[in-house]
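Taking it in order: structure first as structure tokens, then the write-up.
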Amino acid sequence: QVQLVESGGGLVQAGSSLTLSCAASGGTFSSYSMAWFRQAPGKGREFVAAITWNGGATFYPEALKGRFTISRDDSKNTVYLRLLSPLPEDTAVYYCAADKSLTKVRAGNGDYWGQGTQITVSS
């Protein structure tokens, strides 16, 4: 059983960079592909980024490319999401997910999810 805990959210001014962290425990972190999703008020869950189990490849939806960066540090069992220049429309709860299948985690069907961390971007 893998536990995921997100941190780093809060209130941020538009244009100021922010990095979220997702710490994993209870499993072999390096075996898991990881992803970030977000859900804004009144909207469905949206895929933000994913990274393969070995960090060899990253994936972003076309609409968000260049604005987010996903990375991982297996020595710390942590995956990161950097928001390069947040906009008010990036306000949402951000979740990390883990699965041994990259396909599943990218599709939002990962076996493990964190509780989420709120980001509010002020203009």
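The values are calculated or read from the model by the stated rules, or taken from the named source; none is laboratory data. The model shown is predicted, which means the values in this text are computed figures rather than measured ones. As a convention, Cβ positions derive from the backbone with ideal geometry for all residues, glycine included, and neighbour counts pool all protein chains shown. Surface accessibility is based on the protein's heavy atoms, side chains included, excluding ligands, DNA and RNA. Shrake-Rupley method; radii C 1.70, N 1.55, O 1.52, S 1.80 Å.
If a residue has to be among the hydroxyl-bearing types (Ser, Thr, Tyr) and either open to solvent by 40 Å² or more (accessible area, probe 1.4 Å) or at positive phi (or both) to count, how many in region 45-64 make the cut?
Of region 45-64, the ones among the hydroxyl-bearing types (Ser, Thr, Tyr) are 52, 58, 60.
If we keep only those that are either open to solvent by 40 Å² or more (accessible area, probe 1.4 Å) or at positive phi (or both) too, we end up with 58, 60.
Residues meeting the conditions: 2.
Which residue out of Thr117, Thr91, Thr52 is touching a residue at least 12 places away in the same chain (Cβ under 8 Å), touching an Asp or Glu at 6+ places or on another chain (Cβ under 9 Å) and of a type in the set (Val, Ile, Thr)? If you could, list the steps in order and put the result at the bottom.
Values: Thr91 fails: touching an Asp or Glu at 6+ places or on another chain (Cβ under 9 Å); Thr52 fails: touching an Asp or Glu at 6+ places or on another chain (Cβ under 9 Å).
Being touching a residue at least 12 places away in the same chain (Cβ under 8 Å), touching an Asp or Glu at 6+ places or on another chain (Cβ under 9 Å) and of a type in the set (Val, Ile, Thr) holds for just one of Thr117, Thr91, Thr52, which is Thr117.
Given (1) surrounded by 12 or more Cβ atoms within 10 Å (Cβ to Cβ); (2) of a type outside the set (Val, Ile, Thr); (3) within 15 Å of Trp113 (Cβ to Cβ), identify the lone condition not met by Phe68. All conditions pass for Phe68, except number (3). Of the candidates Asp73, Asp99, the single residue that is surrounded by 15 or more Cβ atoms within 10 Å (Cβ to Cβ) and of a type outside the set (S, T, N, Q) is Asp99. Taken together, the criteria place Val2 among residues that are touching a strand residue (DSSP E or B) at 6+ places or on another chain (Cβ under 6 Å) and touching a residue at least 60 places away in the same chain (Cβ under 8 Å).
Tell me, yes or no, whether region 81-93 has at least one residue that is among the basic types (Lys, Arg), closer than 28 Å to Gly15 by Cβ and open to solvent by less than 50 Å² (accessible area, probe 1.4 Å). The answer is no; no qualifying residue exists. Note on region 17-44: residues that are exposed (fewer than 14 other Cβ atoms within 10 Å of the Cβ) and under 12 Å from the mean Cα position of the chain (by Cα) total 1.
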